[in-house]
Amino acid sequence: MKPAEDPRWRKLNEGGAVCSCGQTHSEMLQPIHDWPGGWTHGAKIEPNNAVRVKGDFLSDDFCVVEGKYFHVRAILELPLKGLDKKLGFIAWSNLASNDFAAYVQAAMKGQVPGKGKASGRLMVRLLGYPDTYALKLFLHDRPKPLRPLMVLEDDKHPLVQDQRQGIDLDRLFDIYAAYGHDMRPAFKSPDFKSNGGGLFGKRR
Ligand SMILES: [Zn+2]
């Protein structure tokens with residue numbers, strides 16, 4: 001079966017997928033990390049234009065910890081095999097202070113940094129994977145208002161393999177479950193009539 005014809009995919013995009021969170025989803029979810037590891041002040045979120053490089057600062061796009069560690073919010077995408085779609089995690093990369101300054105300056109002018117790519121590390125632990133903290137990456141600029149893209153560097157980590165090779169729908173729904181959105185039980189229920197053809201046969 002083509003992934004686009006998979007009843008789970010159709011349910012998520014057309015009919016609405018019943019979820020453990022109590023809602024019914026009708027489009028792809030985007031796992032969101034509101035701050036990087038090392039930030040200890042919770043959701044104390046300031047406007048982007050209040051950004052400062054001393055002390056601690058958190059906004060939607062920037063985070064500074066102890067005036068020493070600089071981070072930008074960016075997207076890490078995993079292609080879905082056989083589908084023209086990507087799962088995007090909203091997460092954080094650290095950056096050298098000069099690269100961070102370039103990002104902040106450009107953002108204040110409504111521009112992209114124009115440096116092409118900067119190197120950083122993934123500063124969050126994505127759920128559903130062995131520890132992803134500090135994986136090396138390159139941050140690629142995109143036209144505003146799109147957040148920069150995180151492209152992982154060569155590594156044996158399964159997340160790197162998934163970014164290169166793509167993930168299947170089993171993996172997609174496992175990741176959603178790890179983020180507290182488990183649609184898998186509903187797909188197995190007798191009410192889920194189109195669940196023919198041994199969809200789950202491979203996994204048990
Ligand atoms: Zn949910």
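Within segment 62-78, can one find any residue that is touching a residue at least 24 places away in the same chain (Cβ under 8 Å), open to solvent by less than 40 Å² (accessible area, probe 1.4 Å) and over 17 Å from GLY37 (Cβ atoms)? Checking segment 62-78: at least one residue is touching a residue at least 24 places away in the same chain (Cβ under 8 Å), open to solvent by less than 40 Å² (accessible area, probe 1.4 Å) and over 17 Å from GLY37 (Cβ atoms). For segment 91-102, what are the residues that are of a type in the set (S, T, N, Q) and either part of a loop (DSSP other than H, G, I, E, B) or buried (at least 16 other Cβ atoms within 10 Å of the Cβ) (or both)? Result: SER93, ASN94.
Quick check, is VAL72 closer than 26 Å to PRO47 by Cα and among the β-branched types (Val, Ile, Thr)? When the stated conditions are applied, VAL72 passes them. Restricting attention to segment 171-187, the residues that are open to solvent by 20 Å² or more (accessible area, probe 1.4 Å) and in contact (Cβ under 8 Å) with a residue 60 or more places away in the chain total 7.
When the criteria are applied in full, ALA118 meets the requirement of being under 16 Å from ASN94 (Cβ atoms) and of a type in the set (Gly, Ala, Ser).
Within segment 1-19, if we keep just the residues that are open to solvent by less than 80 Å² (accessible area, probe 1.4 Å), assigned to a loop (DSSP other than H, G, I, E, B) and in contact (Cβ under 8 Å) with a residue 40 or more places away in the chain, the residue that is farthest from MET123 (Cα to Cα) turns out to be ASP6.
Cβ-Cβ contacts under 9 Å between residues 6 or more apart (or on different chains), taken from a first residue in segment 94-114 that is more than 15 Å from TYR69 (Cα to Cα) to a second residue that is among the acidic types (Asp, Glu) and open to solvent by less than 30 Å² (accessible area, probe 1.4 Å), are listed as PRO113/ASP99.
Report the residue count in segment 125-150 for those that are among the charged types (D, E, K, R) and open to solvent by 60 Å² or more (accessible area, probe 1.4 Å). Number satisfying all stated conditions: 4. When GLY110, GLY120, GLY88 are checked against the criterion of being in a strand (DSSP E or B) and either surrounded by fewer than 21 Cβ atoms within 10 Å (Cβ to Cβ) or of a type in the set (Lys, Arg) (or both), GLY88 stands alone in meeting it. Per the conditions (1) open to solvent by 20 Å² or more (accessible area, probe 1.4 Å); (2) modelled with pLDDT under 95, the sole criterion not satisfied by GLU153 is (2). Go through segment 138-181 and give me each residue that's assigned to a loop (DSSP other than H, G, I, E, B) and within 16 Å of the ligand (Cβ to nearest atom). Scanning segment 138-181 gives TYR179, GLY180, HIS181. Taken together, ASP174, ASP182 contain a single residue that is more than 16 Å from LYS85 (Cβ to Cβ), among the charged types (D, E, K, R) and more than 16 Å from the chain's Cα centre (by Cα), which is ASP182. Being at pLDDT below 95 and farther than 25 Å from LEU169 by Cα, is that true of even one residue in segment 61-82? Yes; the residues of segment 61-82 include at least one that is at pLDDT below 95 and farther than 25 Å from LEU169 by Cα.
Restricting attention to segment 47-61, the residues that are buried (at least 16 other Cβ atoms within 10 Å of the Cβ) and either touching a residue at least 24 places away in the same chain (Cβ under 8 Å) or within 19 Å of the chain's Cα centre (by Cα) (or both) total 4.
In segment 20-42, of all residues being within 17 Å of GLY180 (Cβ to Cβ) and away from the ligand (no atom under 16 Å from the Cβ), the one that is surrounded by the most Cβ atoms within 10 Å (Cβ to Cβ) corresponds to HIS33. On inspection, LYS44 qualifies as touching a strand residue (DSSP E or B) at 6+ places or on another chain (Cβ under 9 Å), touching a residue at least 12 places away in the same chain (Cβ under 8 Å) and not in a helix (DSSP H, G or I).
The values are calculated or read from the model by the stated rules, or taken from the named source; none is laboratory data. Note that this is a predicted model, so its numbers are computed, not measured. Because the Cβ atoms are built from the backbone with ideal geometry, glycine has one as well, and the counts that use them run over all protein chains shown. Quick note on the areas: whole protein, heavy atoms, side chains included, nothing else; ligands and nucleic acids left out. Shrake-Rupley method; radii C 1.70, N 1.55, O 1.52, S 1.80 Å.
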